[in-house]
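The values are calculated or read from the model by the stated rules, or taken from the named source; none is laboratory data. As the structure is a prediction and not an experimental result, all values here were calculated from the model. Side chains are part of the model used for accessible areas, which takes the heavy atoms of the whole protein and leaves out ligands, DNA and RNA. Shrake-Rupley method; radii C 1.70, N 1.55, O 1.52, S 1.80 Å.
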Amino acid sequence: MLGIALCLDAGGVPLNGSFATTIACLALLLFGLPHGSLDIALLGNATRAGVRRTVAVILLYLGCAAAMYLAWRIAPALALGVFLVLACIHFAEDWRDTLPSFFAVGTAIAMLTAPVFRHRAEVGDIYVRLTGVPASAIWMEVGILVAPVALIAAFVGIGLLDCRTKAVETAMSLLGMVLLPPIIGFALFFCLSHSPTHLAATLKCLDGGSRKRRALEIAVVTLAALGISALIFGHRAAASAGEAAIVASFVTLSILTVPHMLMPHLVSAFDRGRRPIA
């Protein structure tokens, strides 16, 4: 996929145009969101909770998502900064079992900041579109400052990886983030690397339940998230389709990232609570 995208980009196909941007944003929702769709099932598997506790967990999940959405409405530039920090922490989990923490975090930061090397103005424009606040471009300036160090850490991390497949995958993702338009590069990394890795890990943690049931859970939660995205898209209907797609997809990702990152910690807490005291 990366090779095809690079050939199209080299051939003059406008991958940063409205149509390509809309398709990439749709791919983020269809192929990226499912990796977090089993969060509730994962927590239920750990807790063996009754109906009341399950409802409480769902309400907590929705409350975290609502809080992030309100942040976008009240202080969008701050919400963007919080989202970027959370994304770095979350993406670092892709390498937490294979790299020291410093290089795992550095690789995650490199993934998000690599576009500033070739697409600095476009990154700033995306941030402003997301928030509607010109001052949000400051996060692009922050990216310029940290990108060189992060990229060096990522290169060292790739060299430290024992798994050759993971090393090639990481290198290709970074190459795409540097060379391709930011939205396209991010969509390839998110849908082809990050999401499959986390979905596979989650399915391994879940015991019991048929494939049909898991597929139904993924479909229901993904459709609900698509509904949220559609509402946000409609709210920005006055903008171009590409701009509305960027806002809808990334705001949806951000409001689901907070509870998605919270779930593993809740699972660990419940696991500790279930262990007998020695």
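Annotations for the structure displayed:
- Filter pass, L216 being assigned to a helix (DSSP H, G or I), of a type in the set (A, V, I, L, M, F, W, C) and modelled with pLDDT under 90: yes
- Residue match in the stretch 11-27 (condition: part of a helix (DSSP H, G or I), open to solvent by 60 Å² or more (accessible area, probe 1.4 Å) and either more than 29 Å from S136 (Cα to Cα) or modelled with pLDDT of 85 or more (or both)): yes
- Listed by position, the helices (runs of 4 or more DSSP H) inside the stretch 49-168 whose residues that are more than 25 Å from A248 (Cα to Cα) and open to solvent by less than 20 Å² (accessible area, probe 1.4 Å) number at least 3 are 101-113, 138-160.
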